[in-house]
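Readers should treat all values here as calculations from the given coordinates under stated rules, not as data from a laboratory. All figures in this text were calculated on a predicted structure; none of them were measured in a lab. Methodologically, a virtual Cβ is constructed for each residue, glycine included, from the backbone with ideal geometry; neighbour enumeration extends over all protein chains shown.
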Amino acid sequence: MPTWSMPSKFPRYPIQLPLLHRVIGPPATGAGMGWTRNLSEGGACLEVAVILPPETPLRLRLQT
């Protein structure tokens, strides 16, 4: 696992977009709302209202 001192493979861009998210798979949950903090080609840092375990698969809809 990379540490914060290691350079990132993809540059991060501070982009804030509203989003809707839904956990993929059981248990079935409703959609939640949140924001992006930053984006890159390798992923996104999200701010959501619920605590999700690491590596939870999500379906995202960015509101652009």
Checklist outcome for this item: Note on segment 26-48: residues among the β-branched types (Val, Ile, Thr) and under 16 Å from Tyr13 (Cβ atoms) are Thr36
Next on the checklist: Quick check on my filter: what residues within segment 51-64 are surrounded by fewer than 10 Cβ atoms within 10 Å (Cβ to Cβ) and either in contact with an Asp or Glu (Cβ under 8 Å, 6 or more places away or on another chain) or among the aliphatic types (A, V, I, L, M) (or both)?
Outcome noted: Ile51
